[in-house]
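The structure's right below; bear with me while I get my questions together.
The values are calculated or read from the model by the stated rules, or taken from the named source; none is laboratory data. This one's a predicted model, so the numbers in the text were calculated from it and none came from an experiment. In this analysis, Cβ positions are derived from the backbone assuming ideal geometry, glycine residues included, and neighbour counts consider all displayed protein chains. Surface accessibility is based on the protein's heavy atoms, side chains included, excluding ligands, DNA and RNA. Shrake-Rupley method; radii C 1.70, N 1.55, O 1.52, S 1.80 Å.
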Amino acid sequence: MTTVLVVDDQYLIRAGLVALLRAAPGVEVAGEASDGAEAVALAAEKAPDVVLMDIRMPGMNGIEATERILAQATGPAPRILVLTTFDLDEYVYGALRAGASGFLLKDSGPERLLAAVAAVSGGDALFAPSVTRRLVEAYARRPECERPADLDALTSRELEVLKLIARGLSNPEIADRLYISEATVKTHLNRTMTKLDLGSRAQAVVVAYETGLVTPGG
């Protein structure tokens, strides 16, 4: 059973998400919050597997709530799935850097919502990588973009895997491209994330662009 915390300040959207999730097999709604502060408190109390996190909310926004939820987790941290209208705003980019696992567009259909929840709860580190790539490419062009990561610690194979992740390939696609098993891809990714002190596949995508390992449109 996958437990989900729904966070959105708009009642109708939140109610619709809750109703859809409650009707889905294998999913249990752990609670619902109308702002970031309430989300942080409920996440600590309920320890959900997944948090559907709105970004633009009054008071504490979704990016700060994401940071606090992940920082306060005493056991396995919940997977944060960002709810966005995809306006390429910096809040969403910030959520990626804070450790969010991926994006869900607010106009997505029911099947996509349930697929996203299943993907992140099952350990898939990023849903809709093409969306993330478009977002990161837009912000990687900024001249003030920081480049803090040191890739020298990575092996050549780990760099190959990181490049393909940043290009939006899934683990099975990477395995097929490099003629290795999917388990080996996961091993390389886990080692990369450990070496670079990253909390999610989404952060790995950001690092690949910020360091210039992958260039927008290249």
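Could you list, in sequence order, the residues of the stretch 1-58 that are of a type in the set (K, R) and in contact (Cβ under 8 Å) with a residue 12 or more places away in the chain?
R14, K46, R56
From the list G94, G75, exactly one residue is assigned to a loop (DSSP other than H, G, I, E, B) and either small (G, A, S) or open to solvent by less than 10 Å² (accessible area, probe 1.4 Å) (or both). Which is it?
G75
Can you tell me how many residues in the stretch 5-46 are in a strand (DSSP E or B), β-branched (V, I, T) and farther than 17 Å from R68 by Cα?
The total comes to 2.
I need a count of the residues in the stretch 173-202 that are open to solvent by less than 30 Å² (accessible area, probe 1.4 Å) and in contact (Cβ under 8 Å) with a residue 60 or more places away in the chain.
4
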